[in-house]
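Okay, so here's the structure we're looking at.
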Amino acid sequence: MKKIAFALLMLPFLISCNESKEDKKSMMTESNGKINNISIIIDEDLWNGEIGDSIRKKFAAPVDGLQNEEPQFTLNQYPTKIFEGFVRNSRNVIVVEKSKQSGYSTKKNEFAKPQQVFYIVGKNKDEILNTLEKKADEIIESIKNGEIVENQMRMKKASISDEKVRERFGVSLTIGHGYKYDMVKDNFLWIRKEFSTGYNSILVYEMPINIIENDSTLVNNIVKMRDSIGKQFIHGTLDNTWMVTEEDYAPNFFNVSIAGRKTYETKGNWYLKNDFMAGPFINFAIKDEKNNRFLVLEGFTYNPSKSKRDLVFELEAIIKSIKFLK
């Protein structure tokens, strides 16, 4: 009876604790920052030396698949003394400083939500550089994954219907505001968003499961596949023009996993044959053994003389929102 009485006495306290935790979460400031931006909290003497060079080399490395070099992240440097206010509430934060102790740690939603904060501290320059060397790839992957989710969350707030995708291919997609169905066929969809300087496009189609993994190289097979689709469906305003893969820049190729399925990711550049239009593309060929097919989702953008990094990243976020319904 004493144990029961004690438990009853403690119940309001436990409920109060849980409520206060939930209240704290709900009251937490919403994080800020453009997509693919990182706030680097580091003092000038470190930023202007070898440590700063290492950070820029790793986190502002050129994006794969773009003809013109663009950094994978935009870095905004702030000294440690002003690590407060809007800087503290940035969605992606890396803190680098000299300290009496050495180490690496990461915290989620420390000052705002959603947020990732990474701490790299060392007693001297070499210790900091060593930690950067070991942890940079891990940090980059974590930030990129977080930015994919952030992009998807923003699109969900004003997404368009994916009913045509569901009907034809048995999958769902989060398709952001402004996209429209440009071409609708039984086994092919072209979804496009136009803006003042160009457009973004998503293609969805399926291929026989033996079309990619045959005797030839995987990259060549994917290039042949997308060139055949381009000739059949993606034409310019002029006669005898169609989309092909740029031959002068070898595509980047990766083995990845999407929705738990083996996937071939190809990044490269496209152009319109017999025309002047060109731009980057990202192609995901998803092996769907259950339905005996390769489901292919490709994004490509046209934005001449303008930045293309975040446009391609938006296309990647749409494609990676895929969920198989059957």
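The values are calculated or read from the model by the stated rules, or taken from the named source; none is laboratory data. For clarity, every value in this text was computed on a predicted model and none was experimentally measured. Every residue, glycine among them, receives a Cβ derived from its backbone with ideal geometry; neighbour counts consider all protein chains shown. With ligands, DNA and RNA removed, areas are computed over all heavy atoms of the protein, side chains included. Shrake-Rupley method; radii C 1.70, N 1.55, O 1.52, S 1.80 Å.
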Starting from the range 297-309, take each residue that is β-branched (Val, Ile, Thr) and list its partners that are open to solvent by less than 60 Å² (accessible area, probe 1.4 Å), counting only C-beta distances under 7 angstrom and pairs at least six apart or across chains. 301/198; 301/200; 301/279; 301/280; 301/308; 301/311; 301/312; 301/315
What number goes with the only condition from (1) out of contact with any Gly (no Cβ under 6 Å at 6 or more places or on another chain); (2) under 21 Å from residue 271 (Cβ atoms); (3) open to solvent by 10 Å² or more (accessible area, probe 1.4 Å) that residue 252 does not pass? (1)
Restricting attention to the range 79-129, report how many residues are of a type in the set (D, E, K, R) and within 23 Å of residue 49 (Cβ to Cβ). 8
Using beta carbons and a limit of 6 Å, which pairs, at least six apart or on different chains, have the first residue in the range 68-94 and in contact (Cβ under 8 Å) with a residue 60 or more places away in the chain and the second one open to solvent by less than 50 Å² (accessible area, probe 1.4 Å) and in a strand (DSSP E or B)? 73/38
Of these, 326, 287, 267, 262, which one is among the charged types (D, E, K, R), surrounded by fewer than 22 Cβ atoms within 10 Å (Cβ to Cβ) and not in a strand (DSSP E or B)? 326
Hey, any hits in the range 188-197 for a residue that's surrounded by 12 or more Cβ atoms within 10 Å (Cβ to Cβ), out of contact with any Ser or Thr (no Cβ under 9 Å at 6 or more places or on another chain), outside any loop (DSSP other than H, G, I, E, B) and among the basic types (Lys, Arg)? no
Does residue 256 count as at pLDDT 95 or above and more than 19 Å from residue 68 (Cβ to Cβ)? yes
Which of the residues that make up the range 31-81 are at pLDDT 95 or above, open to solvent by 40 Å² or more (accessible area, probe 1.4 Å) and part of a helix (DSSP H, G or I)? 44, 45, 50, 53, 56, 57, 58
Are any of the residues in the range 115-138 assigned to a loop (DSSP other than H, G, I, E, B), in contact (Cβ under 8 Å) with a residue 40 or more places away in the chain and open to solvent by 50 Å² or more (accessible area, probe 1.4 Å)? no
